[in-house]
Amino acid sequence: MESVEGEPTRNTFCGLPLDAQAKKEYVWATIRNFVETHVICQIPPLSEAGAISNELKCRFCGKKYVRPKALEKHEQTIHQFESVTDITPARTTDGVYNYTHNVMVLCMLRRNHEDAIRQADGERLIRLYKFFYLFYKVSNCPKYAYGTFETIAQVSCLLTPRLAHQLTWNRFVNYRGQRDTNHPMDLDVEHQNKSFKNDVTGYRGEITERTVNRISRSLNFTDAIVKNFDQQLDVHRPSGKHTRTDVSEDVLKLVEIYARENLFDTQRGRTHAHFENMPYNQLDNLDMDDLKKWIGRLLRVFSGKHYYQM
């Protein structure tokens, strides 16, 4: 397309104008092709060599070892086990397209995360965490990677099935009762903290432990009384939902710039001034052997904590 008003030259619709089903299939096929081409990124696999548990036992004969390297050598020499982990990463010399690809990947992950929260889809949220902790790891954010991986480990192996189910699904709050009006439980706690601060200001700085306990225990009841009082007096309370302005003109301007720059076409040698060595896939920079050791080390740390020993 030359402009927004122009006719497309690729991915054109060749069906009948009144065939609604054909149009629907065309839209889905076009979107799927775009996502698979410009968004999907390949995750480097973990090495299958070495220990598969903390006991350092051979996966074939059960022989125990003290050192992981000795176990790995035993499986390779005695059982002819070979771990194939070398996958040629996708590379382009177009730094602008590489940057666009990384932006699309992170943007779609973020939008998927927000939609999972709105829909209260805890299982999808845990799947997204498996992507997030890899990006935290490659971005040198160890605390975020640690916390995210511990949540995955809690659901997968550390907690009982009942507690793992609660951790997966009991993490959302919905006061409106609609399908897509959920929000995180920690955000609801922040709302309660705001109410607590409003109540504690009435004590004029004379705050004791007894005062804090009294306000904390009566907080939900006082909030219910205030809300009921406002309803009886027809006092309008703001919903708290952020209003969205019309950004269609801004979007059209960006579309014209993106079309002029050909962001989704590869051209050798292009680069952004401040991102000269932008890789096509950020996860290609992960050291998978180091990641496997990090995962094993954390699992041993988690298994040693008393609250996981049931």
Geometric extent, Cα atoms of the stretch 155-227 - Rg, Dmax (angstrom): 16.6, 49
21 Å Cα cut-off, lysine pairs counted over the stretch 181-310 (separation 8 or more, or different chains): 6
Pair-distance profile P(r), taking every C-alpha pair of the chain, with 20 angstrom steps and integer %: 19, 44, 30, 6, 0
Cβ-defined net charge surrounding Val235, 15 Å radius [Lys, Arg +1; Asp, Glu -1]: -1
Gln21 paired with Arg300, simple spin-label distance in nm, labels 7 Å along Cα-to-beta-carbon: 6.0
Whole-Å distance, taken between Cα centres, linking the stretch 223-263 and the stretch 139-165: 33
Estimated vicinal HN-Hα couplings, Hz - the stretch 149-163 in sequence order (Karplus 6.51, -1.76, 1.60; Gly, Pro = x): 5, 5, 4, 4, 5, 4, 6, 7, 8, 7, 9, 5, x, 5, 5
The stretch 107-250 - percent of accessible surface contributed by carbon and sulfur, probe 1.4 Å: 51
Candidate aspartates and glutamates - alpha carbon under 17 Å from Lys64, same-chain residues fewer than 8 apart omitted: Glu55, Glu72, Glu75
For the stretch 106-157: Kirkwood Rh in Å [reciprocal of mean 1/r, alpha carbons]: 11.3
The chain: most fluctuating residue of Leu125, Leu18, Leu46 per GNM, C-alpha cutoff 10 Å: Leu18
Karplus 3J(HN,Hα) series, Hz, for the stretch 2-13 with 6.51 cos²θ - 1.76 cosθ + 1.60 (x for Gly, Pro): 6, 8, 5, 7, x, 8, x, 9, 10, 6, 7, 8
Stokes-Einstein diffusion coefficient of the stretch 191-310, Kirkwood radius over Cα pairs, 10 °C, 1.306 mPa s, in µm²/s: 70
Stretch gain in nm, segment Leu219-Asn174, where the contour uses 0.36 nm per residue and the Cα spacing is subtracted: 14.3 nm
Value at 222 nm in deg cm²/dmol, rounded to 500, when DSSP H runs of n ≥ 4 in the chain each add -39,500 (n - 2.57): -17000 deg cm²/dmol
Accessible area per residue, Å², the chain with all protein chains present, probe 1.4 Å: 75
Candidates Asn170, Asn285, Asn11, ranked by Gaussian network fluctuation over the chain, Cα under 10 Å, top entry: Asn11
Counting all C-alpha pairs of the stretch 147-188, share separated by more than 16 Å (%): 47
Whole-number D in µm² s⁻¹ for the stretch 206-245, Kirkwood Cα-pair radius fed into Stokes-Einstein, 25 °C, 0.890 mPa s: 194
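The values are calculated or read from the model by the stated rules, or taken from the named source; none is laboratory data. This one's a predicted model, so the numbers in the text were calculated from it and none came from an experiment. Using ideal geometry, Cβ is built from the backbone for each residue, glycine included, and neighbour counts are taken over all protein chains shown. Keep in mind that these areas ignore ligands, DNA and RNA; they rest on the heavy atoms of the full protein, side chains included. Shrake-Rupley method; radii C 1.70, N 1.55, O 1.52, S 1.80 Å.
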